[in-house]
1. Could you list all residues from region 46-81 that are free of Cβ contacts under 8 Å to residues at least 60 places away in the same chain, farther than 21 Å from residue 16 by Cα and within 13 Å of the ligand (Cβ to nearest atom)?
2. Under 6 Å between Cβ atoms, which residue pairs at least 6 apart in sequence (or on different chains) link something in region 1-24 that is free of Cβ contacts under 8 Å to residues at least 12 places away in the same chain and of a type in the set (Lys, Arg) with a partner that is open to solvent by less than 50 Å² (accessible area, probe 1.4 Å) and part of a strand (DSSP E or B)?
3. Which one is least open to solvent (accessible area, probe 1.4 Å), of the residues in region 104-130 that are farther than 25 Å from residue 181 by Cα, touching a residue at least 24 places away in the same chain (Cβ under 8 Å) and out of contact with any Leu (no Cβ under 8 Å at 6 or more places or on another chain)?
4. Quickly run through region 131-147 and pick out the residues that are farther than 13 Å from residue 178 by Cα and in contact (Cβ under 8 Å) with a residue 40 or more places away in the chain.
5. With 30, 52, 21 as the choices, which residue is of a type outside the set (S, T, N, Q) and under 17 Å from residue 128 (Cα atoms)?
6. Specify the residue that is nearest to residue 133 (Cα to Cα); the eligible residues are those in region 55-81 that are out of contact with any His (no Cβ under 9 Å at 6 or more places or on another chain) and among the β-branched types (Val, Ile, Thr).
7. Can you go through 7, 48, 14, 26 and tell me which one is surrounded by fewer than 19 Cβ atoms within 10 Å (Cβ to Cβ) and under 14 Å from residue 123 (Cα atoms)?
8. Inside region 60-85, can you point out the residues that are within 22 Å of residue 26 (Cβ to Cβ) and either out of contact with any strand residue (DSSP E or B) (no Cβ under 9 Å at 6 or more places or on another chain) or open to solvent by 50 Å² or more (accessible area, probe 1.4 Å) (or both)?
Amino acid sequence: MDTLIFATNNQDKADEVRQVLGNLFAIITLKEAGITIDIPEPYDTLEANASLKSATIYNLTGKNCFSEDTGLQVFVLNGDPGVKSARYAGENASSKANIEKLLHNMGTTKNRGARFRTIISLILNKKEFQFEGICEGEIIPGERGQHGFGYDPVFVPTGSKLTFGEMTTKEKSAFSHRKKAMDKLILFLQSLR
Ligand code: IMP
């Protein structure tokens, strides 16, 4: 089985990606590869941050790898929190604090449309390839569900009545932005065989 380093320290993301990949590729997270760096996200686009993450790991290991960067874009907030999703309420903010700030800033508006957007950056044999995945939905005014991570308890994808937080990983993958980007990555990798 081919091996790819997944440039993440987020175990939830690694679990989601492993579920999508099945037996196609073995995924090694940074921790499993013995890499303990925390790669910054200094740019104002998902594309640039994803590129930086994969390039950093490729330069460090010389091994094929991929990274992903995801942002929640809320239309009434002009696309915020966007690239700042992880640190919306401040550096190292908890998901709870980020959600509280988001709900506060949205107030009672009826315009609750939002989307998750994922960019995957793959570095394969020194070349970079990017793949996009989008999940449209809306932000509900209070948290529901214990599953998932980040903004999952307040995001209801279009076509469901449940929040991501009320879904199992498998159920979430039927809608997920990350799954859509991963599907494109998998098709690309399969096309090379
Ligand atoms: P990252 O920069 O790609 O690690 O993601 C930024 C932040 O977006 C994360 O810390 C989460 O708060 C949020 N996020 C990313 N993906 C998801 C998801 O699938 N569900 C809920 N929140 C997410």
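1. 48, 52, 80, 81
2. From region 1-24, the pairs are 18/27.
3. Looking only at region 104-130, we keep the residues that are farther than 25 Å from residue 181 by Cα, and these are 104-111.
Restricting the remaining residues to those that are touching a residue at least 24 places away in the same chain (Cβ under 8 Å) gives 105-106, 108-109, 111.
Checking the rest, the ones that are also out of contact with any Leu (no Cβ under 8 Å at 6 or more places or on another chain) come to 108-109, 111.
Values: 108: 135, 109: 39, 111: 80 Å².
Taking the candidates together, the pick is 109.
4. Of everything in region 131-147, those that are farther than 13 Å from residue 178 by Cα and in contact (Cβ under 8 Å) with a residue 40 or more places away in the chain turn out to be 139, 143.
5. After applying the criteria, what remains is 52.
6. Looking at residues that are out of contact with any His (no Cβ under 9 Å at 6 or more places or on another chain) and among the β-branched types (Val, Ile, Thr), I get 74.
7. Details: 7 fails: surrounded by fewer than 19 Cβ atoms within 10 Å (Cβ to Cβ); 14 fails: under 14 Å from residue 123 (Cα atoms); 26 fails: under 14 Å from residue 123 (Cα atoms).
Residue meeting the stated conditions: 48.
8. Of everything in region 60-85, those that are within 22 Å of residue 26 (Cβ to Cβ) and either out of contact with any strand residue (DSSP E or B) (no Cβ under 9 Å at 6 or more places or on another chain) or open to solvent by 50 Å² or more (accessible area, probe 1.4 Å) (or both) turn out to be 60, 62, 63.
The values are calculated or read from the model by the stated rules, or taken from the named source; none is laboratory data. Every value quoted in this text rests on a predicted model; they were computed, and no experiment measured them. All Cβ positions, glycine included, derive from the backbone under ideal geometry; neighbour counts span all protein chains shown. What goes into the accessible areas is simple: the full protein's heavy atoms, side chains included, and nothing from ligands, DNA or RNA. Shrake-Rupley method; radii C 1.70, N 1.55, O 1.52, S 1.80 Å.
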